[in-house]
1. Could you give the nm distance between label points at L378 and A182, where each point is 7 Å from its Cα heading toward the beta carbon?
2. Taking every eigenvalue of the Cα gyration tensor of the stretch 174-219, multiplying by 5 and rooting it, what semi-axes result, largest first, whole Å?
3. Highest mean first, how do 186-195, 367-376 rank when packing is the count of other Cβ atoms within 10 Å averaged over residues?
4. For a quick size check, give me the Cα extents of the stretch 128-183 along its three principal axes, largest first, whole Å.
5. Test of understanding: in a Gaussian network model of the chain with alpha carbons linked when under 10 Å, which of A131, A150, A177 would top the mean-square fluctuation ranking?
6. What is the distance, in nm, between label points placed 7 Å from the Cα along the Cα-to-Cβ direction at A196 and at A74?
7. Can you give the angle from 0 to 90° between the axis of helix 378-393 and the longest principal axis of the chain, with both taken from C-alpha atoms, to the nearest 10?
8. Remind me, what semi-axes does the chain give for its equivalent ellipsoid, largest first in whole Å, using sqrt of 5 times each Cα gyration tensor eigenvalue?
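The values are calculated or read from the model by the stated rules, or taken from the named source; none is laboratory data. On a predicted model such as this, the values are computed, not experimentally measured, just so you know. FYI the Cβ positions are ideal-geometry reconstructions off the backbone, even for glycines, and counts take in every protein chain you see. Please note that ligands, DNA and RNA were not included when accessible areas were found on the heavy atoms of the full protein model with its side chains. Shrake-Rupley method; radii C 1.70, N 1.55, O 1.52, S 1.80 Å.
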Amino acid sequence: MPVRLLVVATKCPWPPIDGGRLLLLRTLEGLAAEGVRATLVAPLDPRRHELAAATAALDRCCEPELVAAGPAGAASTLLRSIGHRLPLTIARHTLPAVRRRVAALLAARSFEVVHAEQLQALPQVLPAARARGLPVVLRAQNVESALWAAAGRPLALEARRLAAWEGRAVAAVAATAALTAADAAALRRLAAAAGAPGARVVEVPAPFAPELPPGMPPLPGEPAVVVLGSRGWRPNEDAVAWFVGEVWPAVRRALPPAQLHVFGIPRGGPAPGSAPAAGAGGPAPGARRESERGIAWHGPPADSAAAFAAGSIHAVPLRFGSGVRMKVLEAWARGVPVIATPEGAAGLEAVDGRDLLVARDGPGFAAACRRLRDEPGLAAALAAAGRAALRRRHDPATVARRLLALYDEVLTQT
């Protein structure tokens with residue numbers, strides 16, 4: 001009999017405008033294909049997205065119980081962090097309305113397992129689940145404390161607070177599913193430091209379909225290079241700023257017809273030289289400068305395929321992070337070649353020159369772009385190898401069955 005599953009998330013997976021949402025959506029779809037129609041509780045900011053539209057879209061793969069709520073503001077986050085001794089990122093996503101919906105559902109219905117999607121979901125889950133003796137499985141999309149630690153000295157104290165909290169959280173749940181072996185090892189070390197050396201942490205890769213159609217129409221540029229950004233996610237903000245400010249000038253010197261397309265951040269994003277949108281009187285001076293530099297800024301696309309047009313190059317200039325880059329998986333599925341920093345390729349078990357090209361700086365990205373222009377068949381070979389990697393490691397049915405096996409395991413231990 002399929003497990004009766006309650007999934008609690010920190011954000012609604014529809015629309016899938018970032019990697020975390022896309023990961024959850026693909027997971028719910030994979031579980032549904034295996035006969036498990038999970039109940040999903042997630043906040044949805046009504047100022048940004050329509051509740052009815054998201055509910056209708058998700059109904060095909062789960063039973064959505066969406067809560068109209070957005071993350072706490074800066075003042076509320078700080079007060080909650082101080083008052084409850086919570087790390088800032090945990091305080092920001094601790095939403096009373098979500099916690100009440102979880103408690104009400106657990107009281108009204110008979111669930112067997114509660115799945116917490118990301119560390120920040122646990123405060124909404126643990127009290128009510130413990131009260132009813134239900135096992136909780138945490139799916140860690142990242143090692144959250146590692147992301148804060150990468151920010152350096154200004155956030156070092158907060159990173160240490162979060163590491164201690166993260167270790168206790170992993171120790172408190174029945175099991176944790178990490179996306180990569182490296183993340184699983186890091187989470188085991190944090191749990192051991194919290195006094196739980198035997199905490200159950202396993203690797204369960206991210207699910208993704210092996211083949212999707214490329215986006216249309218083609219993007220301007222010879223080549224067109226795409227970088228995906230997002231406001232509010234520091235690894236991506238840093239990546240965009242570094243790529244635009246330091247890497248892109250080297251690419252343009254090597255390939256003057258190249259054009260950079262930054263998706264997810266409208267013009268004026270976190271990069272040197274960005275400019276506000278043009279007014280009614282024509283392009284503003286800053287906009288003309290961006291055009292001269294070969295840069296176009298795009299907001300989040302209504303359909304993610306638009307950022308993976310045929311003939312384009314997907315660049316992943318991350319300088320720190322954990323988990324895996326879901327957009328690399330999408331690039332592979334859509335047949336688009338990838339150039340990534342070592343940090344951007346981490347966790348994928350990808351081989352430089354076979355599945356993608358690795359570049360560490362401006363000259364490296366420029367050389368990789370030249371290779372893709374000058375070597376016939378290289379782009380197609382990289383795309384084919386990427387799709388093979390999706391079939392080998394990220395098959396949605398295989399990943400769903402691994403999650404179901406983990407749920408069954410924790411059920412036998414309760």
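1. It works out to 2.4 nm between the two label points.
2. 37, 11, 7
3. Per-residue Cβ counts within 10 Å, averaged per peptide and sorted highest first, yield 186-195, 367-376.
4. So the extents along the principal axes, rounded to whole Å, are 41, 24, 13.
5. Taking springs between Cα atoms under 10 Å, the residue moving most is A131.
6. 3.4 nm
7. With both axes taken from Cα atoms, the answer is about 10 degrees.
8. The answer is 36, 23, 21 Å, longest axis first.
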